[in-house]
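The values are calculated or read from the model by the stated rules, or taken from the named source; none is laboratory data. Note that the structure is predicted; figures quoted are calculated from it, not measured. Here the Cβ is made from the backbone with ideal geometry for all residues, glycine too, and neighbour counts use every protein chain on show. Just so you know, the surface numbers come from the protein's heavy atoms only, side chains and all, with ligands and any DNA or RNA stripped out. Shrake-Rupley method; radii C 1.70, N 1.55, O 1.52, S 1.80 Å.
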Amino acid sequence: RNRRPIVAIDGPAGAGKSTVTRLAATALNLFYLDTGAMYRALTWLALKTDTPISDECAIAELISSSYLEYNLDPASKMLKINGEDVTEAIRSLEVTSRVSEMAAIPAVRQFLVEEQRRCGTKGGIIAEGRDIGTNVFPDAELKIFLTASVQERSRRRLLELKDTDRANISLAQLEQDIALRDEKDSTREVAPLRKAADAVEIQTDNLTVAEVIDRIVGLYKERIGPKS
Ligand code: CDP
Ligand code: CDP
C-alpha cells in the first residue's frame, strides 16, 4: 500500500458521525472529510439558483459549472461553493429537507465521489457519509457503521436546536423528518446507505461521544498500529 490509512464512517442522520469523526480525526492526526456537507452545498446552490432538483439535466449542467473549496483540517470548518462561503447556510431546514433528493441523482454522486476520492489519494484521512465504506473507499483499512434508534437521534437533534430559531419544532416532527430521510437514503438506487460487510457496527444509544471516540481510536490502533 503506498498511501496512509483511510477510515470510513457511515450511518444514518444524527448517529453522531460529524461530531465523532471530527474529534477522532484530531485524536488520530488524520484529515477530516464531511461528504454530507458536499451534497448539502450542491442542494444549496440549486435552491439559490432556482434550478429544479427534479430536472436531472438542469442539475447536471449546474454541477458542470460549479466548484467546491474546503478545508480537510478537523480544526477548521469551511466550505465554499463557487466562491461563496456556505458553511452555515447548508445547515438550513430547507437544504436538509431537499438534500436526499439531490443525493439520489447519479450525476451528482458521480461528481462528488470523484472529488472525495481525490481527497483520499494519499490516505491519512477519516471520511464520513452514507457510502464511504461501500463505495467511495471500499478498501478503507477501518470501516465503522454508527447507528442509534430514531428516537435517540431525534432527541439529539432537538437538543442541538435548543437556543436556535428552530427550538419550537416537536420531537414527533423531528422523528418523522429523520425517518423519512433514512428511508430515502436507504432505498435509492445509487449507492444507498448500508453497512459494508466488513464494517464494525457501533450502536450508540447508550454511549457518550467520548466513549464512541475511544472505541474508534482503539480499533484504529488495533488494526493499524500506533503509527500510521
Ligand atoms: O448531518 P446529517 O446526518 O443530517 O446529514 P449529512 O451527513 O450532512 O448528509 C446529508 C444528506 O446527504 C444525507 O441525508 C444523504 O442524503 C446525503 N449523503 C449521501 O447521500 N452520501 C453521503 N456520502 C453523504 C451524505
Ligand atoms: O453527523 P450525524 O448526523 O451522524 O450526527 P451529528 O451531526 O454529529 O449529531 C449528533 C449529535 O448527537 C451531536 O449533538 C452529539 O453531541 C450527540 N451525540 C453523539 O453524537 N454521540 C453520542 N454517543 C451521544 C450524543
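Arg3 sits among other residues whose Cβ lies under 13 Å from its own Cβ, and their net charge, with Lys and Arg +1 and Asp and Glu -1, is +3. Remark on region 90-140: hydrodynamic radius 12.2 angstrom, per the Kirkwood mean of 1/r across alpha carbon pairs. Projected onto their three principal axes, the Cα atoms of region 6-224 cover extents of 48, 43, 32 Å, largest first.
Taking the accessible area of region 6-224, probe 1.4 Å, and keeping the other protein chains in place, the carbon and sulfur fraction comes to 51%. What is the sum of charges around Ser186, taking Lys and Arg as +1, Asp and Glu as -1, for the other residues whose C-beta is under 10 Å from the C-beta of Ser186? For residues surrounding Ser186, the net value is +2.
In whole angstrom, region 39-110 maps to an equivalent ellipsoid with semi-axes of 20, 13, 11, each derived as √(5λ) from the alpha carbon gyration tensor and ordered largest first. For region 59-175, the Kirkwood radius over C-alpha pairs fed into Stokes-Einstein at 10 °C and 1.306 mPa s yields D = 95 µm² per second.
Dividing the mean sequence gap of close Cα pairs (under 8 Å, 6+ apart) by how many residues the chain holds gives a relative contact order of 33 percent.
Within a straight-line Cα-Cα reach of under 30 Å, Lys221 can be paired with the following lysines, leaving aside sequence neighbours fewer than 8 residues apart in one chain: Lys17, Lys77, Lys122, Lys143, Lys195.
When Cys57, Cys119 are compared by accessible surface with a 1.4 Å probe, the order from highest to lowest is Cys57, Cys119.
Projecting the Cα atoms of Leu93, Ala127, Ile6 onto the dipole axis of the chain, where Lys and Arg carry +1 and Asp and Glu carry -1 at the beta carbon, places Ile6 farthest toward the positive end.
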